[in-house]
Structure formats: C-alpha cells, structure tokens
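The structure under discussion appears below in the form of structure tokens.
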Amino acid sequence: MRRSYLIAVLMFVAAPAGAQLRDVGLVNLVQGEVRFAPVRGASAPVKPFMRVREGDRFNLPTGAQLRIVFFEGSRLERWVGPASFRAARAHSEAISGAALEVAQLPAGAPQRIARIPDLMQNAKLGGIRVRGGALKPSAGAPPPGALAEARANYEKMRATLPADDITPELYYTAALDEYAKYDEMAVVVEEMQRKQPDNADVRALADWVRKKAGG
C-alpha cells in the first residue's frame, strides 16, 4: 500500500517535467543575433520559420528585429532590440522593452501559417531544422469558396501589413499548398521574392515550387 502511494506521488511529480509543451506561434522574420531559451534546454539562435513554444524566452540585442505570429488570437507582433520577452499562449509577455507593432490577422490565418515550417522543410531550405510537426497531405479539390476566401484574406493582409512583410504570402502559399495549386503558388512566392530578394529561404522555396509546378 505504502509502495503504491509512493509510485503515484512520483508519477505526479514527474508528469510536468515530461509534459509536451505546446506550439503557440511561428517566427515570421528574424534579423540580427536574436537568441531564445526554451523552458527545457540550452539557449540557441532563433531561426526563420521556427515554431515558438509556450515559455520560450527571447532576447534581442540593439537593432535586432523579430516578428512572431501567435496562433491563438491571430496576433502578429514585431519586436526591435534591445528587448526581451517570454512567449505566452496567445501573446508575448514583456521582460524588458515592448512590442513595437501589434497587428490582428484574419481569423484562421495563423492556422494556415502554422503549416509553413513543414512546407519549408519539404522544400529542403538549406538544411534548416525546425521544431517537430508533420505536414498533412493535400486535401484534393477545395470546397466551394475556400480559395476565394483565402484570396480575400490575402488581399486584406497585404493592404494592412508593412510592405516588406511576407505574412500574407506565407498564408496564401499554405492555403494553395493544401490543394496542390502549385502554378498559383509560384506566382505568390515570386511576390515573396520581390519583397525580400535576399531571403535565401524564400529563394529555395521558390525553386521547390517551380519544380512542383513543372517549370
């Protein structure tokens, strides 16, 4: 009896340490030597299109920049260093400094953007390693109006976000990928390249999409 009680207590204590931390967002842009410290593990450089987990702590030196899309609440934040913050479930929690810009994305947009790390991995972007997850296969023919709605959200984001922000293109690319619309994806990725011509990840994605489109 006493032994059973001890085992139960040990299981209760050990459970939080082994619990799976949830993905709460995605790094949309990183410039400069930005680092993050996960709840468990060593500090590391932030990578483009990296998943953000609840409790991750970010440190931006002077002049560094970071954009994060939070899935819950459809929130986009831009931080410029010097600053530091912790990722909560639906937003950041400032440690020092404050988010320079906050934008609200259309409902459902972050769920599509959440597909981007796996899409990038499929495109073999320079060997970048992203935090776990699996890309679901394409769903076949889109339901009536699905892509028209995605296009409308894309145009809305383009009209409201900064000119160099590729969040709208990431969203629409993920929507088109769900239904294997690679010809249209190629056009959208070209717009990404126009906005960020020096982005090697986007360039590699464009090469992959062109191959999928047969061009």
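Only the coordinates and a few stated rules stand behind these numbers; no lab work does. Quantities reported herein were computed from a predicted structural model and do not represent experimental measurements. All Cβ positions, glycine included, derive from the backbone under ideal geometry; neighbour counts span all protein chains shown.
Please work out whether the range 138-215 counts as rounded, prolate or oblate from its C-alpha gyration tensor, where a ≥ b ≥ c are the square roots of the eigenvalues and a/c under 1.5 means rounded, while otherwise a/b larger than b/c means prolate and anything else oblate?
Verdict is oblate for the range 138-215.
Let me understand the range 19-104 better: what is its radius of gyration from the alpha carbons, and its Dmax, in angstrom?
11.4, 35
When the distances between all Cα atoms of the range 151-191 are binned every 10 Å from zero, what whole-number percent does each bin get?
Bins of 10 Å from zero give 32, 57, 11 percent of pairs.
Give me the percent relative contact order of the range 19-104, please, defined on Cα pairs under 8 angstrom at least 6 residues apart.
28
With a Cα-only, solvent-free Debye model of the range 54-106, what are the log10 I(q)/I(0) values at q = 0.23 Å⁻¹?
Debye output, listed in q order: -0.80.
Peptides 195-204, 45-54: what's the order by average Cβ count within 10 Å, highest mean first?
Taking the mean over residues of other Cβ atoms within 10 Å, the ranking is 45-54, 195-204.
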